[in-house]
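Following: one structure in structure tokens, then a few remarks.
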Amino acid sequence: MKITNSYEEINELINNNDMVLLYFSGENCGVCNVIKSKVEDILTKYTNIKSLEIKTENSREIAGQYNIFTIPGIIVYVQKKETIREARYISIEEFESKIHRYYKMIY
């Protein structure tokens, strides 16, 4: 997952792709690193999903703009609309099930 702190890059990705995953994390967040590896595994299965990681300590304004108050946080956009939002205690199995459902509808 590419790391960004650019609001413009995030908007461009959302506006130019059918499915986008934003992953909000922290540099010293152990849970974030565990969840990130599982999210990356999901992204290898669903190759049409574009993704960005936002490190909240470097991008507080962006995190605030997206109403991210706890990490890890995930927002998935489907055709420019926020469709999935997960935070803190993420069930990877449930999350992947949601991803699969929307992915099948688009691709």
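Can you find even one residue in the stretch 83-97 that is charged (D, E, K, R), in a loop (DSSP other than H, G, I, E, B) and under 22 Å from Glu9 (Cα atoms)? No - not one qualifying residue is present in the stretch 83-97.
For the stretch 14-49, a tally of residues being hydroxyl-bearing (Ser, Thr, Tyr) and either open to solvent by less than 10 Å² (accessible area, probe 1.4 Å) or at pLDDT below 95 (or both) returns 2. Looking across the stretch 1-13 at every residue that is β-branched (Val, Ile, Thr) and open to solvent by less than 80 Å² (accessible area, probe 1.4 Å), the one that is farthest from Arg60 (Cα to Cα) is identified as Ile10.
Please state which one of Tyr66, Tyr103, Tyr77 is out of contact with any Asp or Glu (no Cβ under 6 Å at 6 or more places or on another chain), of a type in the set (Phe, Trp, Tyr), closer than 16 Å to Ser6 by Cα and in contact (Cβ under 8 Å) with a residue 40 or more places away in the chain.
Tyr66
Could you check the stretch 79-93 and list, in sequence order, the residues that are under 13 Å from the mean Cα position of the chain (by Cα) and of a type in the set (Gly, Ala, Ser)? Ala87 - this is the single residue of the stretch 79-93 that is under 13 Å from the mean Cα position of the chain (by Cα) and of a type in the set (Gly, Ala, Ser). For the stretch 50-66, how many residues meet the condition of being touching a strand residue (DSSP E or B) at 6+ places or on another chain (Cβ under 9 Å) and either open to solvent by less than 90 Å² (accessible area, probe 1.4 Å) or among the hydroxyl-bearing types (Ser, Thr, Tyr) (or both)? Qualifying residue count, the stretch 50-66: 11.
Of the residues in the stretch 74-81, at least one is under 17 Å from Asn15 (Cβ atoms), open to solvent by 20 Å² or more (accessible area, probe 1.4 Å) and hydroxyl-bearing (Ser, Thr, Tyr). Only one of the listed residues (Ile99, Ile84, Ile90, Ile71) is in contact with a helix residue (DSSP H, G or I) (Cβ under 8 Å, 6 or more places away or on another chain), at pLDDT below 95 and surrounded by 15 or more Cβ atoms within 10 Å (Cβ to Cβ). That residue is Ile90.
Okay, residues lined up against (1) at positive phi; (2) touching a residue at least 40 places away in the same chain (Cβ under 8 Å); (3) among the hydrophobic types (A, V, I, L, M, F, W, C); (4) assigned to a helix (DSSP H, G or I):
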residue: Asn5; (1), (2), (3), (4): no, yes, no, no
residue: Glu8; (1), (2), (3), (4): no, no, no, yes
residue: Glu12; (1), (2), (3), (4): no, no, no, yes
residue: Val20; (1), (2), (3), (4): no, yes, yes, no
residue: Tyr23; (1), (2), (3), (4): no, yes, no, no
residue: Asn28; (1), (2), (3), (4): no, no, no, no
residue: Val31; (1), (2), (3), (4): no, yes, yes, yes
residue: Ile35; (1), (2), (3), (4): no, yes, yes, yes
residue: Lys38; (1), (2), (3), (4): no, yes, no, yes
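The set of residues in the stretch 45-70 being small (Gly, Ala, Ser) and outside any loop (DSSP other than H, G, I, E, B) consists of Ser51, Ala63, Gly64.
The values are calculated or read from the model by the stated rules, or taken from the named source; none is laboratory data. Just so you know, these numbers come straight off a predicted model, no measurement behind them. When we count neighbours, we look across all protein chains shown, and the Cβ atoms used for this are built from the backbone with ideal geometry, even at glycine. Ligands, DNA and RNA are stripped out before the accessible areas are found, and what is left, the full protein with its side chains, is counted by its heavy atoms. Shrake-Rupley method; radii C 1.70, N 1.55, O 1.52, S 1.80 Å.
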